[in-house]
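Below is one structure, written out as structure tokens; the observations come after it.
The values are calculated or read from the model by the stated rules, or taken from the named source; none is laboratory data. Because the structure is predicted, anything quoted here is derived from the model rather than measured. All Cβ positions, even for glycine, are placed from backbone atoms using ideal geometry, and neighbour counts span all protein chains on display.
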Amino acid sequence: MSDADSFLDSFKLSLQPPDDFSFPFTPYEIQKEFMTQLYSALEGSKLGIFESPTGTGKSLSLICGALSWLRDHEERLSVELEGALADIASKKPSAQEQDSKDWLTIQIKQAANDNIAHVLRHKMDKINRDRKRIAEIRSRVKDKIQISKNRENTNIQNTDESDFSEDKPEDCDLILEDVSEDLSKDEEEDEESENKNPPVKIIFCSRTHSQLSQFVGEIQRTVFSNTMRVVPMGSRQSCCINKSVKKLKSLSLMNEKCLDMLKSTDKSTKDDSGKITKKSKGSGSCPHLKNSQSLSEAIISEVMDLEAIVGKGESLSACPYYATRSAIPDSQIIVVPYNTLLHKKTRESSQLEIKNAVIIIDEAHNLLETVSHIHSSEVSGQQITYALSQLIQYRDKFEKRFSSMNLLHLNQLIYVLKSLIKFIDSIDHTKGDGSEPGALLYTVPEFILSAGIDNYNLFKLVDFSLKNKITHKIRGFTEKYQPTVNPRPKNQPQKVSGMKSFLKEVELNSKKHVKNKKVEEKPATPVEVSPAVLEGQPLVPTLAFLSNLTMDYKEGRIVLKRDVTLGKSVVKYLLLDPASVMKDVIQSARSVILAGGTMKPFSEFRDRLFLACGANESRIMEFSCGHVIPKDNIMPVIVSSGPSSQILDFSFQKRNSPNLIAEVGRLLVNVCTIVPAGVVCFFPSYDYESRVYKSLEEEGFLKKILVKKRVFREPKTSSQVDSVLKDYADCAQKKGGGAIMFSVVGGKLSEGLNFSDDLGRCVVVVGMPYPNIMSPELKEKMSFLNKTVGPQAGREYYENCCMKAVNQCIGRAVRHQNDYSTVLLLDHRYKAPNHVQLLPKWIASSLQIQDKFGPVLGLLGKFFRQRRPI
């Protein structure tokens, strides 16, 4: 800490939560308590776990609590600087002191004070300059709205993307370029000039763009929308308005194409004869880039969500992607999706500064699983095979035009893919680790050694591929020359061996035909290539997997699942310890707040994230509030037996019993008879839902249900969700009608969707949705936790997976103060104390346990009679 910072620190003021948080309406008591605790957490640089049930205004509470603190914090900085400067000015020596015998000491002290004052004045001047500049930008944007509209019309007509037509690329654009051996040198050049103490910004993070848009919409409802500068960030996939880039669809290809278009320098390459020539590097500057500054100023002048920014970018012919990034230095709140914050490489490429930031992660109940998923990868034998074929033919087509170093790296990459295919093929699909046939587990070093790729520097190969944008060049090559791996004829017997022969045929065939415009291989291959693989650029997941092999091996495992066919075999990289990649976020940020509707058990985040990242336990803060609804408006019941006294035990061994499934049918008939409007019934899996539905149909129970309610089923495809929900809502809300929705735990309807009021008067959860205990991935995860956290940590994780999924289902209903609903948990195992304590507090406080089904019907009847409109 510098002398100036130390001096300023002595004037530090402590902020106390205000009485008024500028909430858009009179807050409930629990909302005020939430904002007060959040304000204190940010002031104390805490790591917070905040639980607020869905429907309690969590988003507004987060916004008003956090933005009130940020406003006060920024005002405090000015007050502290003014106080420090005034104090230094008062210490200036008098003329008499300057003439004293100790004048040298006084002069030295005065010089030090002058230096401190200079630094403090510089800080104050910067604050004032920034405020003035922002005010000028807002004034300029406001004054030129009409001019901007006229300019929009002009830009729409004149924007020229003719340079970026869909013509096939020239060969010179497909050649690998020479890159420095110090592949990351250019990325480090700007690090020294970075601000060591960046101003505090709030980074708000959630799972989906729709949730982020809702969050921005909530900010627009508050007084903070008039003063705060909000910048939503998105990937090129969400932001790009250039048609030639948008058509690529794959994010990695879009990134490479965009970066390539921004370059304009010349590079040397070789022609087919090996002669050195010049080629233009890149396709030229994107026409939408030049107006991005105008859009950037508009972003910091008005609170807009990403969709509005993209729309404005299209009207201005201005790039939303680079405009949002240009606006970041002037932002106060940055709104980002999970991947942008949680994935280090994405975060760095987005220039998202986390040092000294307040990070708020919403919908954080599955944060650890999300982090693991983001840093895991999966690639099939089919994808590796086709990627290998593409690389071989690409190399042989342009071999004479590559530099020796690029050719070396390309050959090494080809060898690595060959080795992976040979290794996968060598595994007997009937053998495994005992949990699943053909499934084998490896540590990363074991896998690299077993696959025979331990002699290669995978880090260099991956970096070489990224720096050279090799996936982009391979895509251009396949577009122009259309090399293929022909699928096996349907009447040809399936092969599982002869891999050496196959690989040899691939290479010989590519050499034979590489000079032709269209390169084809003989059909003698044990791998079928589907159209989805061809369209999805198989090199992308292949390189992602190789990249994962360069991560810290202690926290990763490889799962190899050998199918009867090589093409359907899969290799997965699993990240077992999410804390290993979250450490820099937890340690660099001023404060990290995890918020959600159901965050229990808190110990999961405290032990496996905060403490595992080296945080001091005194920094960790936990807060949980009740629901805004009256206690009498929710009736949760654990149902241990059905109408015919059959014990409800949906354990894996018993769930398929015909008698048990019939009991579900009888129970649902009774529920649909008593419960008005909409019922949502969750099953543990799609397979089990299908089995139960088919049985209910065959046994006549479905016909009885249809007398009272129309039956809907959760669609497996996302494109059908909206239409099914609309039909369900229309039917459930129809007077005298009703509907029941068969849904799946962890499916498309169990998280993020709203079944308020008549859409969800009863939520039924059939069984306990435990994950498959025989899954090799789960077994390894549990084993890892037992070794690193404690002997029971694996079992606790297993229980938590189940109950967190149940809590998400429960949270679909009761969304506001006047709402009411019932919850039926169908399984006697829910009665166990360890399961009850994992339920949300607002559910557990009203929970009833019924061993017989008769009283359940009585409770349901009474509950809805009391709420029947008069």
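Residue selection: Leu611 satisfies the criterion of being surrounded by fewer than 21 Cβ atoms within 10 Å (Cβ to Cβ) and assigned by TED's automatic domain parsing to the domain that holds Gly65. Within segment 707-727, the set of residues being in contact with a Lys or Arg (Cβ under 9 Å, 6 or more places away or on another chain) and buried (at least 16 other Cβ atoms within 10 Å of the Cβ) comprises Glu714, Pro715, Val721, Val724.
Looking at segment 789-807, is at least one residue part of a strand (DSSP E or B), out of contact with any Pro (no Cβ under 7 Å at 6 or more places or on another chain) and among the aliphatic types (A, V, I, L, M)? No, there is no match, as no residue in segment 789-807 is part of a strand (DSSP E or B), out of contact with any Pro (no Cβ under 7 Å at 6 or more places or on another chain) and among the aliphatic types (A, V, I, L, M). Criterion applied to Arg655, Arg666, Arg691 was being part of a helix (DSSP H, G or I), in the same structural domain as Asp727 (by TED's automatic domain parsing) and touching a Gly at 6+ places or on another chain (Cβ under 9 Å), and the one residue passing it is Arg666.
Against the criterion of being assigned to a helix (DSSP H, G or I), among the basic types (Lys, Arg) and modelled with pLDDT under 85, Lys554 qualifies. Between Arg812, Arg795, the distinction of being surrounded by 20 or more Cβ atoms within 10 Å (Cβ to Cβ), under 33 Å from the mean Cα position of the chain (by Cα) and among the charged types (D, E, K, R) belongs to Arg812 only.
Residue-wise test of (1) touching a Ser or Thr at 6+ places or on another chain (Cβ under 6 Å); (2) β-branched (Val, Ile, Thr); (3) over 30 Å from Tyr321 (Cα atoms).
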residue: Lys345; (1), (2), (3): no, no, no
residue: Glu353; (1), (2), (3): no, no, no
residue: Ala357; (1), (2), (3): no, no, no
residue: Glu363; (1), (2), (3): yes, no, no
residue: Leu368; (1), (2), (3): no, no, no
residue: Asn406; (1), (2), (3): no, no, yes
residue: Tyr415; (1), (2), (3): no, no, yes
residue: Lys422; (1), (2), (3): no, no, yes
residue: Asp428; (1), (2), (3): no, no, yes
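Could you please let me know if Leu549 is touching a residue at least 60 places away in the same chain (Cβ under 8 Å) and over 24 Å from the mean Cα position of the chain (by Cα)?
Details: touching a residue at least 60 places away in the same chain (Cβ under 8 Å): yes; over 24 Å from the mean Cα position of the chain (by Cα): no.
Taking the combined requirement at face value, the residue does not satisfy it.
Within segment 728-745, at least one residue is in contact with a strand residue (DSSP E or B) (Cβ under 6 Å, 6 or more places away or on another chain), over 27 Å from Leu648 (Cβ atoms) and surrounded by 15 or more Cβ atoms within 10 Å (Cβ to Cβ).
Return the residue satisfying two criteria in turn: it lies in segment 413-431 and is free of Cβ contacts under 8 Å to residues at least 60 places away in the same chain and in contact with a helix residue (DSSP H, G or I) (Cβ under 6 Å, 6 or more places away or on another chain), and of such residues it is surrounded by the most Cβ atoms within 10 Å (Cβ to Cβ). Result: Leu413.
Let me confirm something: among Val680, Val581, which residue is part of a helix (DSSP H, G or I) and either touching a residue at least 60 places away in the same chain (Cβ under 8 Å) or crowded, with 20+ Cβ neighbours inside 10 Å (or both)? Full working, then the answer.
Values: Val680 fails: part of a helix (DSSP H, G or I).
After ruling out the rest, the residue left standing is Val581.
Considering segment 17-50, and only residues there that are without any contact (Cβ under 8 Å) to a residue 12 or more places away in the chain and within 13 Å of Asp72 (Cβ to Cβ), the residue that is surrounded by the fewest Cβ atoms within 10 Å (Cβ to Cβ) turns out to be Asp19.
The rows are residues; the columns are (1) over 22 Å from Val814 (Cβ atoms); (2) modelled with pLDDT of 95 or more; (3) assigned by TED's automatic domain parsing to the domain that holds Lys804; (4) not aliphatic (A, V, I, L, M).
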site	(1), (2), (3), (4)
Glu697	yes, yes, yes, yes
Ser718	yes, no, yes, yes
Gly746	no, no, yes, yes
Asp757	no, no, yes, yes
